[in-house]
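Everything on this sheet refers to the single structure shown next.
Each value in this text was obtained by applying a stated rule to the coordinates, not by laboratory testing. All values reported here derive from a predicted model rather than from experimental measurement. Quick reminder, even Gly has a Cβ in these numbers, built from the backbone with ideal geometry, and neighbours come from all protein chains shown.
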């Protein structure tokens with residue numbers, strides 16, 4: 001895998017990584033990305049078809065527990081239903097305030113595979129594929145590589161980096177704790193490591209021989225240059241693009257990124273069951289079990305209603321630690337600025 005440009009757009013599932021954003025980023029020579037989490041295989045096929053002529057665009061897929069080699073199937077199911085039932089009860093006041101119905105536990109657990117098999121089949125047609133939320137088996141890598149795809153994995157530790165390379169990864173996305181949105185810890189029950197990004201890059205550089213991209217809190221040209229000095233082939237930026245014209249960031253999220261000048265973000269599992277970093281709000285006062293996608297399914301009606309009502313108390317407001325430096329304007333201009341091509 002070769003990176004001919006220092007910027008990669010981080011895949012941000014749930015809306016921000018629109019086809020317009022992927023196209024705008026790729027038009028500069030950087031790499032755009034489509035976020036596959038929460039989308040059907042058919043929708044992803046259509047999304048990729050619409051940007052295939054734009055330049056370098058990758059597709060990111062969430063790895064379900066059933067396909068994740070880092071998951072202990074017994075431990076991941078232990079007391080899961082009981083914990084989800086208790087969490088659902090805690091959500092009821094939020095649902096009542098917003099006038100929405102929550103799914104039952106059976107409904108919340110109806111799509112735990114997330115159309116995985118169909119997505120892997122479709123992925124054989126995409127030149128760049130990356131995985132988040134876990135590590136598939138070597139056969140998945142081999143199958144995609146035989147079809148011509150270059151395959152990457154997001155990692156948050158040296159151990160995960162080694163394992164990903166052992167399974168056949170062509171490249172890595174090394175994600176530090178500063179990252180906004182979801183941490184891609186492979187074991188969903190594990191507590192994420194808090195090694196700062198630059199230290200993690202240096203440690204990963206010592207043990208792998210594949211190219212890697214740096215991710216986590218990178219929002220300025222100086223930071224892009226810094227991660228390259230630590231061995232990164234490029235910088236993956238998400239928060240830096242959330243306020244761009246082409247991003248599908250919803251209005252309340254956009255508003256709070258510009259309104260909240262505290263600079264404070266916090267980690268939580270409440271939005272999906274996976275650890276993520278967000279601006280702090282009321283919903284984050286709840287504790288959630290490590291159960292994706294069920295927690296996500298339970299909170300979707302609340303998050304959607306809150307976004308529609310411009311209520312920042314009850315929806316995710318994903319943001320990296322450097323969100324105060326995020327710029328508005330065309331995504332291509334932001335990418336060029338980050339790459340040091342414009343003042």
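Matching residues to (1) surrounded by fewer than 21 Cβ atoms within 10 Å (Cβ to Cβ); (2) touching a helix residue (DSSP H, G or I) at 6+ places or on another chain (Cβ under 6 Å); (3) farther than 26 Å from residue 214 by Cα; (4) touching a residue at least 24 places away in the same chain (Cβ under 8 Å):
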position	(1), (2), (3), (4)
112	yes, no, yes, yes
119	no, yes, no, yes
128	no, no, no, yes
134	no, no, no, yes
151	no, yes, no, no
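Conditions (1) in contact with a strand residue (DSSP E or B) (Cβ under 8 Å, 6 or more places away or on another chain); (2) over 27 Å from residue 81 (Cβ atoms), marked per residue:
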residue: 274; (1), (2): yes, no
residue: 288; (1), (2): yes, no
residue: 296; (1), (2): no, no
residue: 299; (1), (2): no, no
residue: 308; (1), (2): no, yes
residue: 321; (1), (2): yes, yes
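Among residues that are under 25 Å from residue 34 (Cβ atoms), in contact with a strand residue (DSSP E or B) (Cβ under 9 Å, 6 or more places away or on another chain) and buried (at least 23 other Cβ atoms within 10 Å of the Cβ), residue 330 is not included. For region 176-188, a tally of residues being free of Cβ contacts under 8 Å to residues at least 60 places away in the same chain and closer than 15 Å to residue 62 by Cα returns 1. Evaluation of residue 55 against the conditions (1) over 23 Å from the mean Cα position of the chain (by Cα); (2) at positive phi shows that the sole unmet condition is (1).
Pull up region 55-67, narrow it to residues that are in contact with a strand residue (DSSP E or B) (Cβ under 9 Å, 6 or more places away or on another chain) and part of a loop (DSSP other than H, G, I, E, B), then point me to the one that is surrounded by the most Cβ atoms within 10 Å (Cβ to Cβ). Before the answer, list the steps.
The first filter runs over region 55-67 and keeps only residues in contact with a strand residue (DSSP E or B) (Cβ under 9 Å, 6 or more places away or on another chain), leaving 55-63.
Now narrow it down to the ones that are part of a loop (DSSP other than H, G, I, E, B): 55-56, 63.
Values: 55: 18, 56: 18, 63: 25.
In this case the residue turns out to be 63.
Would you tally the residues in region 8-31 being in contact with a strand residue (DSSP E or B) (Cβ under 6 Å, 6 or more places away or on another chain) and outside any loop (DSSP other than H, G, I, E, B)? Count: 6. When 123, 164, 169 are checked against the criterion of being within 17 Å of residue 33 (Cα to Cα), buried (at least 24 other Cβ atoms within 10 Å of the Cβ) and in contact with a strand residue (DSSP E or B) (Cβ under 9 Å, 6 or more places away or on another chain), 123 stands alone in meeting it. Please give the number of the condition residue 49 fails out of (1) out of contact with any helix residue (DSSP H, G or I) (no Cβ under 7 Å at 6 or more places or on another chain); (2) surrounded by fewer than 19 Cβ atoms within 10 Å (Cβ to Cβ); (3) not in a helix (DSSP H, G or I). So the condition that residue 49 fails would be (3). Considering (1) closer than 30 Å to residue 212 by Cβ; (2) part of a helix (DSSP H, G or I); (3) over 20 Å from the mean Cα position of the chain (by Cα), the lone condition that residue 90 does not fulfil carries the number (1). In the set (1) touching a helix residue (DSSP H, G or I) at 6+ places or on another chain (Cβ under 9 Å); (2) within 30 Å of residue 202 (Cβ to Cβ); (3) surrounded by fewer than 17 Cβ atoms within 10 Å (Cβ to Cβ), residue 157 fails one condition alone, (3).
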